[in-house]
Amino acid sequence: MRKSKSLSALIFLAIGLFLLGLSNFVDELRVYQGAQIAVYVIAISSIILLTGYSGQISLGHGALMAIGGYAAVLSYTYWHVPFLIAFTIGALAAALGGFILGMAAARLSGPYLAGTTLALAVGLPSLANQFHILGGEQGLSFDIGEAPKWIANKTGGDFTQYKWFFWVSVVCALATIWFIKNLLQSRFGRTWRAVRGNPSAAALSGINIGRSKVLAFTVSSALAGLAGALLAMLLGLVAPMAFTLTLSFTIVTGAVLAGVTNLAGSIVGAVVLVVIPEFTDAVATHLGGSEKISANLPGLITSVLLILTVIFAPNGPKLHKRKKANN
Amino acid sequence: MLFLDTLLIGLSSGAIYALMALALVLVWRSTRVVNFAQAGQAILSTYLGYEVMSVTHNYWVSIPFAILGGAAIAAFVDAVIMRSLAKRSHKGSVSEIAPVIATLGLLGLIRSLTGMIWGNAYLQYTSPLSSKGYTIGSHTIPFSPLNLVIVVGALFVMGVFAAIFKFTNLGLALRAASFQPEISRLAGIRVDRIRTVGWAFAGAAGAVAGALVTPTTYLSPNSLDLLLVSGFVAAVIGGLDSLIGAVLGGLLLGVGFAFILQYIGTSVTFSAAFIILILVLFVRPRGILGSKVGRRDA
């Protein structure tokens, strides 16, 4: 057991070093997209943790990401904390929001929870217009600056800000997956699976169902908050427009495409989310389509994929295959 | 006087929420699915009405087309997507949320489709009615002919639905199919088909809501998102499986919003839906007229 743990730690380190090394050999745009993928990986795995393992659904994770983003930016701007601390504050703030929401969520089942979180996703970002400190529709700018000298010097060459974003995002994403992976193997992970599998049996064996659900919601929200802070870093600002209902739907889509019970799938889901707009742009330019078409084609394709996935492989492509093999 | 004015404003927006809630409740009762795509279906049927109006230049002619279109879209959605979904994903860890995800996907699909066809610009779908309030004596009340048509139209639709459910064989079959699908099937009701009819009714209600509310604002691929949320909150207030509850919930919510707007300010309207929803779920989770078995898992 111990051995396999250190082995997987080594694998994680190897992946990390490989990705960071890779950033030297691809152009700026790809580096930026790599950072986007890393942010999506965090957001999607927060949904996978919540939906796949604890059996709750959230259409409001975009709002929790907004909490994380705003908290990070505000603490960075007004308290002048280092940006990593600001990210942590963002995650904690979202966790607090998620804890309160989770208290309500634990009492709700499927569609009620979906509707409640949907109402949050619609309502919360518009709050930014009401408080002067949140910067209204324009939002607040966020600039974590260039990479520290000692990193930039060591790698040599020009160390652009996008590359620095990429490094930060990738390290956070790997740390997140590492954290969730271990959490799911711990007592909490087993508890969540028991509650999802059979709530009555879980309650009879002494599990406090409500508490377990609230905990899952809180942890998931913290990760969403981290993703929100990273997204703010990539965009260079936080604004209501960055955390729309579409964002909430997008990450749920990513999680479903990944197969909601498959943590490794979060990478697949994230890549799909970033690749689709790229792909449709190419198609639209090739066909010489109008702006109407190219703006809406990504949404169309992801929606169709989402519907097809949920009809034909509701438990994710991978798990579905395995089940067939067993039969 | 201010109090009465606010009440009137609330009633007219509440009538729209009630229609949307009605659409959600009709689907929930027959298939245990909250149809988040309802906003999309309603927007599509409203665009249809818009197209008809740009040809005929008559608002009143466009409404029946929008209603029929809304019913057809809903029937199509149920027969093609929801039915195959129900057949395939009744097991597995995500079976409970699969319909939610499917309707979300559908919402996204319709939004992008309408965006592709009509663009994301704000279109005007106007009614010939004046939106200027009636004047009683020297006082102008904030209740226009447009508002009057909204309220009367919404009440009319609700009345028709109530009559169908109460007095016709079709209504009996609808009630039976949602109450006990297995036994209804044994009694010779084609449950699948009846469910599709239920969806079509819901689609029609949503279409009426879209066609009535759009003249007061504008038409764009996501201009009905907020209405979806309000409709959902209204449905939950009413208990989610009661038609009368949905109507009462919609009116209550409309009046509540109007008072919040009047006495607290515009700044809280968006968040108010969420706060009201949370309050209802904590204080009276089964709504004012809902049945006892409800939203708790265990």
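On the stretch given as the range A:276-327, residues that are open to solvent by 70 Å² or more (accessible area, probe 1.4 Å), more than 9 Å from chain B (Cβ to nearest Cβ) and modelled with pLDDT of 80 or more total 2.
A:I180 satisfies every condition listed in (1) at pLDDT below 80; (2) surrounded by 13 or more Cβ atoms within 10 Å (Cβ to Cβ) except (1). Exactly one residue among B:L113, B:L104 is within 14 Å of chain A (Cβ to nearest Cβ), crowded, with 21+ Cβ neighbours inside 10 Å and assigned to a helix (DSSP H, G or I), and that residue is B:L104. Please go through the range A:259-269 and give me each residue that is in a helix (DSSP H, G or I) and either within 12 Å of another protein chain (Cβ to nearest Cβ) or open to solvent by less than 10 Å² (accessible area, probe 1.4 Å) (or both), ordered by number. A:G265, A:S266, A:G269 - these are the residues of the range A:259-269 that are in a helix (DSSP H, G or I) and either within 12 Å of another protein chain (Cβ to nearest Cβ) or open to solvent by less than 10 Å² (accessible area, probe 1.4 Å) (or both). When the residues of the range B:43-52 are filtered to those that are open to solvent by less than 30 Å² (accessible area, probe 1.4 Å) and among the aliphatic types (A, V, I, L, M), the one that is nearest to B:A23 (Cα to Cα) is B:I43. Answer yes or no as to whether B:V77 is under 19 Å from the mean Cα position of the chain (by Cα), β-branched (V, I, T) and more than 7 Å from every other protein chain (Cβ to nearest Cβ). The answer is yes for B:V77. For the range B:174-206, a residue qualifies if it is in contact with a helix residue (DSSP H, G or I) (Cβ under 8 Å, 6 or more places away or on another chain) and part of a loop (DSSP other than H, G, I, E, B), and the qualifying residues are B:A187, B:I189. Please verify whether the range A:120-132 includes one or more residues that are away from chain B (no Cβ under 11 Å), surrounded by fewer than 17 Cβ atoms within 10 Å (Cβ to Cβ) and not aromatic (F, W, Y). Yes, there is a match, as at least one residue in the range A:120-132 is away from chain B (no Cβ under 11 Å), surrounded by fewer than 17 Cβ atoms within 10 Å (Cβ to Cβ) and not aromatic (F, W, Y). Taking the range A:6-64 as the search range and keeping residues that are in a helix (DSSP H, G or I), at pLDDT below 80 and among the β-branched types (V, I, T), which one is least open to solvent (accessible area, probe 1.4 Å)? So, considering only residues that are in a helix (DSSP H, G or I), at pLDDT below 80 and among the β-branched types (V, I, T), the one least open to solvent (accessible area, probe 1.4 Å) is A:I15. Within the range A:98-137, the residues that satisfy the criterion of being assigned to a loop (DSSP other than H, G, I, E, B) and in contact (Cβ under 8 Å) with a residue 60 or more places away in the chain are A:A106, A:R107, A:L124, A:G135. Inclusion of B:P64 among residues that are more than 16 Å from the chain's Cα centre (by Cα), more than 30 Å from A:E291 (Cβ to Cβ) and within 10 Å of another protein chain (Cβ to nearest Cβ) is not warranted.
The values are calculated or read from the model by the stated rules, or taken from the named source; none is laboratory data. Just so you know, these numbers come straight off a predicted model, no measurement behind them. So basically every Cβ, Gly included, is an ideal-geometry build from the backbone, and we count neighbours across all protein chains shown. For the accessible areas, the whole protein counts, side chains as well, though only heavy atoms, and no ligand, DNA or RNA atoms are used. Shrake-Rupley method; radii C 1.70, N 1.55, O 1.52, S 1.80 Å.
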